[in-house]
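Asker: First the structure, then my questions, so here it is.
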Amino acid sequence: ALRGVAWRSAAGGPAAGSPPDGDGTGTGRGTVVLAPVPVRIFPGMDTLAERLQPLQGDRYRLTRELPGGGMSRVFLAHEPALKRDVVVKVLPPDLQTARSRARFAQEIEVTARLQHPHILPVLSSGAGDDLLWYVTPYVRGASLRERMAGETVPLDEGLALLAALAGALRFAHERGEL
């Protein structure tokens, strides 16, 4: 089976030179001629997702794009082997320069080295087809941006959030990563 290819009967019936039913028996149960027809792997997703999915193999299945990402694009994916959702962060080709590629590669390396309860771990990373990406766990719930744009955050919750952020920043800074 080919990934990203749908198979259907060729237009016009059997291949040229074949009998009308494909096997010459007159029963209409002859050979079926199949032709590849390109289809979009992810209806509603663009070609970046279509380029990225084959590079993930069977390990991660992209399901949809998530908002945000800054200089990158972020996709929700499913890891069937472990029955969990993950995030695939990719540097798209239209935003790539030598400097942005180096910074993104550095982001991957630094994040992979930082093991802290308030810093998402890197589960895997890769490069191929002129793309760089890495995978982190998916954390359900509102993003910090969404949380800050909503109603006023209660004082105790805000202080706990600031303490967590400060602890993660201190951890990275103490290791010379910031």
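The values are calculated or read from the model by the stated rules, or taken from the named source; none is laboratory data. Treat the numbers as computed from the prediction; the structure is a model and nothing was measured. Here the Cβ is made from the backbone with ideal geometry for all residues, glycine too, and neighbour counts use every protein chain on show. In case anyone asks, the SASA skips ligands and DNA or RNA and just uses the protein heavy atoms, side chains included. Shrake-Rupley method; radii C 1.70, N 1.55, O 1.52, S 1.80 Å.
Asker: When the Cα centres of segment 124-178 and segment 55-78 are compared, how far apart do they sit, in Å?
Answerer: Using only Cα atoms, the two centres lie 17 Å from each other.
Asker: Between Glu109 and Asp58, what length in nm is gained on full extension when 0.36 nm per residue of separation is reduced by their alpha carbon distance? Don't jump to the answer; show the numbers that get you there.
Answerer: On the way: separation 51, 0.36 × 51 = 18.36 nm, distance 2.40 nm.
Value of the extension gain: 16.0 nm.
Asker: What do you reckon, how do Leu144, Leu162 stack up by accessible area (1.4 Å probe), largest on top? Write down the numbers at each step before the final one.
Answerer: Details: Leu144 85, Leu162 110 Å².
Correct descending sequence by accessible area is Leu162, Leu144.
Asker: Counting only the backbone N, which residues of segment 51-93 are under 20 Å from the spot 7 Å out from the Cα of Ala164 toward its beta-carbon?
Answerer: Correct set: 67-69, 85-88.
Asker: Hand me the trypsin sites (Lys or Arg not before Pro) from segment 71-178 located in a DSSP loop with no more than 14 other Cβ atoms within 10 Å, in residue order please. Walk me through the intermediate numbers first.
Answerer: On the way: sites: Arg73, Lys83, Arg84, Lys89, Arg99, Arg101, Arg103, Arg113, Arg140, Arg145, Arg147, Arg170, Arg175; in loops: Lys83, Arg140, Arg175.
Sites meeting the loop and neighbour criteria: Lys83, Arg140, Arg175.
Asker: Pulled fully out, how much extra length does the chain show between Ala102 and Arg147, if you take 0.36 nm times their separation in residues and subtract their Cα-Cα distance? Mind showing how you got there, number by number?
Answerer: On the way: separation 45, 0.36 × 45 = 16.20 nm, distance 3.12 nm.
Between Ala102 and Arg147, full extension yields 13.1 nm more.
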